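Just below is one structure, and these are the notes that go with it.
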Amino acid sequence: MNTPKILVSACLLGCPVRYDGQSKPVIHPLLQRWQANGWIIPFCPEQAGGLPTPRPPAEIQADGRVMTAEGRDVTAPFVKGAEQALAVCQQQKIKYALLKESSPSCGSTNIYDGHFRGKKIAGEGVTTHLLKTHHVQVFSETQIDEMFNSL
Ligand code: SF4
């Protein structure tokens, strides 16, 4: 096996970067091994895009914009964060990403429906979409074993 580098949502690694100032650490032996191997590049697109922590929750709307519940359009920092994630992948030749499911930046199979009512729909986050269109394979925290088989 080569020595792949993997871009990982910083919140999955225990960094308190989520909108609520918390993290969502994932304990998985493969992730721990990859960290020990030095393969992991932590990244938070929303922080990289210039948003503060904590910050108001935001959801992707039907028209593609990202809005907070109060009606503030935060599409620009979400796009900026996605572009920075892509730049890191391109600079470091990263072909794999392990990103937090359901996030408006990092979700890969589902996101919240845009109405701030806790309902999820099929879809992907802004960063996931940009990475996928540039041939970075994106997996969620529920797909670590599957990801291992494609490295
Ligand atoms: S943008 Fe991604 S890495 Fe940052 S807190 Fe949200 S899910 Fe985690």
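Every number here is computed from the coordinates shown, using simple stated rules; none is lab data. Owing to the predicted nature of the structure, the values given are computational and were not obtained by experimental measurement. Using ideal geometry, Cβ is built from the backbone for each residue, glycine included, and neighbour counts are taken over all protein chains shown.
Structure summary
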read-out	value
Failed criterion for Cys11 (all others in (1) surrounded by 15 or more Cβ atoms within 10 Å (Cβ to Cβ); (2) touching a residue at least 60 places away in the same chain (Cβ under 8 Å); (3) more than 10 Å from the ligand (Cβ to nearest atom) hold)	(3)
Residues of the stretch 120-129 that turn out to be closer than 18 Å to Lys5 by Cα and over 10 Å from the mean Cα position of the chain (by Cα), as a count	0
Residue tally, condition assigned to a strand (DSSP E or B) and either aromatic (Phe, Trp, Tyr) or crowded, with 20+ Cβ neighbours inside 10 Å (or both), over the stretch 125-151	3
